[in-house]
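Contents: one structure, followed by commentary.
The values are calculated or read from the model by the stated rules, or taken from the named source; none is laboratory data. Note that the coordinates shown come from a computational prediction; the quantities given were computed from them, not determined experimentally. Counting neighbours? That spans all protein chains shown, and the Cβs are built from the backbone with ideal geometry, glycine included. The area values use the complete protein model at the heavy-atom level, side chains included, leaving out ligands, DNA and RNA. Shrake-Rupley method; radii C 1.70, N 1.55, O 1.52, S 1.80 Å.
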Amino acid sequence: MSVKISDIDSYCFSEVEGHWQRQWLERGAFRASTGENKPKYYVLEMFPYPSGKIHIGHVRNYTIGDIVARYRTACGFAVLHPIGWDAFGLPAENAALKQGVHPKDWTYSNIETMKKQQQALGLSYDWEREFATCDEQYYGFQQKIFLALYHNGLVCRKEAEVNWDPVDHCVLANEQVIDGCGWRSGALVEKRTLFQWFLRITEFVDELLSEIDNLDGWPDKVKIMQRNWIGRSEGCSITFKTNTQEDVEVFSTRPDTIFGATFLAISPDHPMVQKLAKTNEEIAKFVEEFRKGSVAQEVLDKQEKTGVYTGINVYHPFTNRELPVYVANFVLMNYGTGAVFATPAHDRRDFEFAQKYNLPVERVVASSDGSNELPYVNDGVLVNSDFLNGLKVEEAKNVIIQRLCDIGCGKRRVFFKLMDWGVSRQRYWGCPIPMVHCVKCGIVPLEEKDLPVYLPYDVTFDRPGNPLDSHPTWKHTQCPMCGAAAVRETDTLDTFFDSSWYFLRFCVNDHTNNNLLENGDVAHWMCVDQYIGGVEHAILHLLYARFFSKALTKCGFVNVSEPFANLFTQGMVSSPTYRKENGDWLFPEEVRRNAVGEHEVVATGEKVFVGGMEKMSKSKKNIVDPDEIIKKYGADTLRLFIVSDTPPERDFPWSDEGLEGCWRFINRIWRLFVHAKSCQVGAGNCGDGAVILLANCGDEAVVQLYKNFQRTIKNVTEALEEKTMNRVVAYLRDGVNSMYLQLDKMEIHRGIFSLIIRDLIRLMAPIVPHICEEAWRMLGFEGLVYNNTWPSYEKEYVRVSIIDFPIQVNGKLRGTIDIAPDEDEEKIFERALAVPAVQNIVSGKVIKKKIFVRGKILNFVL
RNA sequence: GCCCGUGUGGCGGAAUGGUAGACGCUACAGACUUAAAAUCUGUUGUCCUUAAGGAUGUGUGGGUUCGAGUCCCUUCACGGGCACCA
């Protein structure tokens, strides 16, 4: 006898989830294997920084990845789904300073905590491949990569400007400079030039740019951002003769405006200015002022344009007119040639500068809309420009460049915004750079046999600067070339270096394999079929990873041109914020609604200001702790909720009510399974095929239920392919709802219900795997649902036998009629005209046209 | 400033150019219960109407089309990225 659905106890997830998590591990369910004759599929979520605890954004990221991994497994792929830790970096050192913990201990203890949290989510990771970038194995091999890059000419050492904190004696990242001051010391940050290590990413600039076009599986948004970052611009360089010995070379993308040039502007960092500064006090002072400013962008932005006349003039190549040369703070040395010719009439910056210093403004492009406003930067026809007059901008560019080439003072040039990647960090907690400084031999790379250079554990953070520098012994070594005493490089590598190749390391299961990039595993698994992460990595990480694939291919480690075939960028998780009148943030539990429905502080009754949905952050006190949710509702509920309702690429507004709704749904399916068991629905009654069962059924509603469920399978599968998980959940709910409407028939038609429920479990398993494993076992099915196949559907059942067919008059809906899909056209017209609402409008009028689209619509045009 | 993206009920959001609002949340009602909770079943864009029914409706204004949330142009608002890049 079947049980009453309302009598079924609520789902006891705490026992079930732990049980299946252990089962998966014990059975090695998630171990990636290369042996089977299956197509491979590599799913990867961007590996986390071990900051302490998993946050809800991680949960979203991992859940999406896990659903993809489990779905692909069910579809018959051999899936690689690994996880690791991006474990070097500044926060560990900050923790050392604040709490007196060693960065290494802090990091590994965080990893332990977070790993437990991931396991509590039931994620299908192959834990045997786990590693942290601060593992000696990992960074040791990374040093080998660094040497290979060095020997292939992809590493160089140059001077570069950095933010220098004069109190802490350290280099600051741009984000650590706040209003021109160091974030920790509060000291005024200086610009300093230091010798640093660079990776020559610009070597690959053409491929990095052009191959973006091949990344069909990437969001357009990310591709556009990368293109802009690389920033290709075409133009020409022009050499101006000066009234001194030296010529000046400028770069311009608007050489067509050269007849409007009224002065030249050169960067304070330009070699010519450096020289002038030695004899000219005014220039020297200007350069010094310029140097003082931070290199942080936000400071630069607010800066007014200023400059100093150099006393030098140049000669216009065509008019021979003399133009003054200014040192100007708005000209960058690291782009183009560090000098520009200025045409104030057609460039905003030049215009601003000319206004300030009273320099002439001369129009050479007529506006296409007839306005006289300057500066005018759009297309138009050239005027006052000698042989260019009458030409459009693009034509004029070509003519002038040709002319400049002919007279020998111009060249067609292409410049990029992308610059070489500085990887030196004056920090302890990072990968040591395997180089030494020898007094005799200069800079010498270590030999492979001397690797790895271990990071010493016994360091202190009690004095400013890099602990590696102040370590008593570590940096002292011998020169690999001459054997004399030498000093190790004490800079460590940027952590973006660590994350630029970790996806290759995952391909190899053997941690002791020293040739890990040379065996067949990388070739087997690469490229990553689905990469998932936050859009905040759209530029740097993804660009560096692309560069590494190309660079390591050049070095002969791998043969991968693009690492990520498909990229998915998920949105942030946000939640409501509350503040007191004085601006202090409040935790949600500190707020309640009073009798009038207004928000107030629980303790004091103060008025509360409800903010909008904002990205979860500790400071705004609007974070949700995944642990607490799992404790209260279980991992399945959390997983379900985090992909419900909102498409994964959009920002996700957290709501406690929505979470509660998912918990109700989990119980709803649980009651369905328990009820099913009591009706003897399950493995034992799946024997007869659907065709026989349907033929003998005799209950149209049940037959329809089965057929509709075929549609559910189709919809869920299609939505999963598109990664619109919110739709997946909607279709699943819909399927469950229709089953509830036929609950009382389950016992009689247990055969048909067995087929439906079996497929329902398989459909839901990627999202809520624990409850599905439990139901799978409870209903007598063999093995793990994880290893089961993805359900297929019968195409003929998906076709609906009766359509609720819409009838329009003049494009306006006037009624519907029930028809068979292949109903005769004339008959449909007849029946459509019989619809009262249609009749009322049509009667007495002439039907000019009938638009009939089979399966879609009928429209009478009057 | 430049480049993207997004605007649909009270809310999150569905909708190959073809019945707008699937599914969920909220709210309301009915059943069950001594009662409440839970559960099950409904209703829920707005306006008019006792009702049947009608009108209206996807940020704004226009266009293409038999038919537009969807395509094109205009404009506004919000969000994101880049930003002295010559």
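Counting only other residues whose beta carbon sits under 14 Å from that of A:GLY534, what net charge do I get with K and R as +1, D and E as -1?
Working: positive: A:ARG60, A:LYS221, A:LYS615, A:ARG650; negative: A:GLU45, A:ASP86, A:GLU536, A:GLU649, A:ASP651.
After counting each charged neighbour, the total is -1.
Taking the Cβ of A:TYR457 as the centre, find all other residues whose Cβ is under 10 Å away and add up their charges (Lys, Arg: +1; Asp, Glu: -1).
On the way: positive: A:LYS104; negative: A:ASP105, A:ASP458.
Overall, the nearby charge balance is -1.
Can you give the accessible area of A:ASP462, probe radius 1.4 Å, in Å² rounded to 10?
Solvent-accessible area, nearest 10 Å²: 120 Å².
Under 25 Å Cα to Cα from A:LYS392, which lysines show up? Leave out anything in the same chain fewer than 8 places away.
A:LYS411
Quick one: how many lysine pairs does the stretch A:734-862 have with C-alpha atoms less than 22 Å apart and a gap of 8 or more or different chains? Give me the count, please.
The result is 13.
Using a simple spin-label model with points 7 Å from Cα along the Cα→Cβ vector, what separation in nm is obtained for A:GLU657 and A:LYS827?
4.8
If we count every other residue with Cβ under 15 angstrom of A:GLU782's Cβ, Lys/Arg +1 and Asp/Glu -1, where does the sum land? Each step should come with its number before you reach the end.
Details: positive: A:ARG27, A:ARG758, A:ARG762, A:ARG777; negative: A:GLU773, A:GLU774.
Surrounding charge for A:GLU782 is +2.
What do you reckon, how do A:LEU446, A:LEU540 stack up by accessible area (1.4 Å probe), largest on top? Before the final figure, lay out the partial values.
Values: A:LEU446 15, A:LEU540 60 Å².
So, going from the largest accessible area down, we get A:LEU540, A:LEU446.
If the cut-off is a Cα-Cα distance under 18 Å, which lysines reach A:LYS104, setting aside same-chain residues fewer than 8 apart in sequence?
A:LYS104 reaches A:LYS53, A:LYS115.
Would you work out which of A:HIS102, A:LEU121, A:ILE83 lies farthest towards the positive end of the dipole of the stretch A:52-128, given +1 charges on the beta-carbon of Lys and Arg and -1 on that of Asp and Glu, about the Cα centre?
A:LEU121
How large are Rg and Dmax for the stretch A:710-800 when only the alpha carbon atoms are used, in Å?
Cα-based Rg and Dmax for the stretch A:710-800 come out at 13.1, 37 Å.
With +1 assigned to the C-beta of every Lys and Arg and -1 to the C-beta of every Asp and Glu, and no other charges, what is the dipole magnitude of chain A about the Cα centre in debye, to the nearest 20?
Details: 98 positive and 114 negative charges, 196 e Å.
Roughly 940 debye, rounded to the nearest 20.
Between A:ASP510 and A:GLN478, what is the FRET efficiency for a Förster distance of 30 Å, r being their Cβ-Cβ separation, to the nearest 0.05? Before the final figure, lay out the partial values.
Numbers: r = 33 Å, r/R0 = 1.09.
Computed FRET efficiency for A:ASP510 and A:GLN478 comes out at 0.40.
Separation of the stretch A:527-590 and the stretch A:180-218 by C-alpha centroid, Å?
The stretch A:527-590 and the stretch A:180-218 have Cα centres spaced 17 Å from each other.
Percentage of Cα-Cα pair distances in the stretch A:29-77 greater than 12 Å, rounded to whole percent? Walk me through the numbers before you get to the answer.
Details: 808 of 1176 pairs.
Of all Cα-Cα distances in the stretch A:29-77, 69 percent exceed 12 Å.
Charges on Cβ only, +1 for Lys and Arg, -1 for Asp and Glu, centred on the Cα centroid of the stretch A:311-467; of A:HIS437, A:GLY465, A:PHE416, which one is farthest towards the dipole's positive end?
Farthest towards the positive pole: A:HIS437.
Per residue, what accessible area does the stretch A:395-483 have, given a 1.4 Å probe and all protein chains present, in Å²?
Numbers: 4630 Å² over 89 residues.
With all protein chains present, the stretch A:395-483 gives 52 Å² per residue.
Ranked from the most accessible area to the least, with a 1.4 Å probe and all protein chains present, what is the order of A:ARG750, A:ARG777?
Values: A:ARG750 70, A:ARG777 120 Å².
Accessible-area ranking of A:ARG750, A:ARG777, largest first: A:ARG777, A:ARG750.
Report the full-extension gain for the segment A:ARG592 to A:THR724: residue separation times 0.36 nm, less the Cα-Cα distance, to one decimal in nm. Please report the intermediate quantities before stating the final value.
Working: separation 132, 0.36 × 132 = 47.52 nm, distance 3.49 nm.
Contour length minus the Cα-Cα distance gives 44.0 nm.
Using the C-alpha gyration tensor of the stretch A:680-834, what are the square roots of 5 times its eigenvalues, in whole angstrom, with the largest one first?
Numbers: eigenvalues 233, 77, 30 Å².
Its equivalent ellipsoid spans semi-axes of 34, 20, 12 Å.
Let me cross-check A:LYS191: its accessible surface, 1.4 Å probe, with only protein heavy atoms counted, in Å² to the nearest 10?
Solvent-accessible area, nearest 10 Å²: 30 Å².
Under the definition of Cα pairs under 8 Å and six or more residues apart, what whole-number percent is the relative contact order of the stretch A:299-417?
Over the stretch A:299-417, the number comes to 15 percent.
Filter A:LYS285/A:LYS305; A:LYS40/A:LYS714; A:LYS38/A:LYS714 down to the pairs with a C-alpha to C-alpha distance above 20 Å, please.
Values: A:LYS285/A:LYS305 16 Å; A:LYS40/A:LYS714 24 Å; A:LYS38/A:LYS714 23 Å.
Where the Cα-Cα span goes over 20 Å, the pairs concerned are A:LYS40/A:LYS714; A:LYS38/A:LYS714.
Using a Förster distance of 35 Å, how high is the FRET efficiency between A:TRP585 and A:HIS19, based on the Cβ-Cβ distance and rounded to 0.05?
On the way: r = 40 Å, r/R0 = 1.14.
Here the calculated transfer efficiency is 0.30.
Using only the Cα atoms, work out Rg/Rh for the stretch A:87-234, with Rh taken as the Kirkwood radius, to two decimals. Walk me through the numbers before you get to the answer.
On the way: Rg = 20.2 Å, Rh = 19.6 Å.
Dividing the radius of gyration by the Kirkwood radius yields 1.03.
Enter the Cα centre distance for the pair the stretch A:27-61 and the stretch A:94-123, rounded to the nearest angstrom.
A separation of 19 Å, based on Cα centres.
Determine the relative contact order of chain A: mean sequence separation of Cα pairs under 8 Å and six or more apart, normalised by residue count, in whole percent. Walk me through the numbers before you get to the answer.
On the way: 1525 pairs, mean separation 115.9, N = 862.
Once divided by the residue count of chain A, the mean separation gives 13 percent.
Would you work out if the stretch A:1-91 is rounded, prolate or oblate? Take a ≥ b ≥ c from the square roots of the eigenvalues of the alpha-carbon gyration tensor; rounded if a/c is under 1.5, else prolate when a/b is larger than b/c, oblate otherwise. Kindly include the intermediate steps, with their values, before the conclusion.
Numbers: a/c = 2.43, a/b = 1.34, b/c = 1.81.
Here the stretch A:1-91 falls in the oblate category.
Could you work out the pair-distance distribution P(r) of the stretch A:476-531 from its alpha-carbon pairs, with 5 angstrom bin width and percents rounded to whole numbers?
In order of increasing distance, the bins hold 4, 15, 16, 13, 12, 13, 13, 8, 4, 1, 0 percent.
Considering the alpha-carbon set of the stretch A:222-381 alone, what are its Rg and its Dmax in angstrom?
According to the Cα coordinates of the stretch A:222-381, Rg and Dmax are 16.3, 49 Å.
Heavy-atom accessible area of A:THR306 with all protein chains present, probe 1.4 Å, nearest 10 Å²?
About 40 Å², rounded to the nearest 10.
Give me the extension gain from A:SER233 to A:LYS278: residue separation times 0.36 nm, minus the current Cα-Cα distance, reported in nm with one decimal. Mind dumping the intermediate values first?
Numbers: separation 45, 0.36 × 45 = 16.20 nm, distance 3.40 nm.
Length difference between fully extended and current span is 12.8 nm.
For the stretch A:538-676: lysine pairs with Cα atoms under 21 Å, gap of 8 or more or different chains, count?
Step by step, the pairs that qualify in the stretch A:538-676 add up to 10.
Please list A:GLU93, A:GLU281 from largest to smallest accessible area, probe radius 1.4 Å, with all protein chains kept in place. Numbers along the way, then the final one.
Numbers: A:GLU93 10, A:GLU281 155 Å².
From most exposed to least exposed: A:GLU281, A:GLU93.
Putting +1 on Lys and Arg Cβ atoms and -1 on Asp and Glu Cβ atoms, find which of A:ALA701, A:ALA603, A:ASN788 reaches farthest to the positive end of the dipole of chain A.
Comparing the listed Cα positions along the dipole, A:ALA701 ranks first.
Counting pairwise Cα distances across the stretch A:71-120, what percent come out greater than 16 angstrom? Don't jump to the answer; show the numbers that get you there.
Working: 679 of 1225 pairs.
In whole percent, the share of Cα-Cα pairs in the stretch A:71-120 beyond 16 Å is 55.
Looking only at Cα atoms, what is the convex hull volume of chain A per residue, in Å³? Before the final figure, lay out the partial values.
Numbers: hull volume 232.0 nm³, N = 862.
Hull volume normalised by residue count: 269 Å³.
Figure the gain on full extension for A:ASP625 and A:LYS411 (residue separation times 0.36 nm, minus the Cα-Cα span) and round it to one decimal in nm.
On the way: separation 214, 0.36 × 214 = 77.04 nm, distance 6.01 nm.
Gain on stretching A:ASP625 to A:LYS411: 71.0 nm.
For the stretch A:750-862, just the Cα atoms, rotate onto the principal axes and tell me the three extents in Å, largest first.
Here the spans come out as 69, 24, 20 Å, largest first.
Roughly how many whole Å is it from the C-alpha centroid of the stretch A:402-469 to that of the stretch A:668-726?
Comparing the Cα centres of the stretch A:402-469 and the stretch A:668-726, I get a distance of 62 Å.
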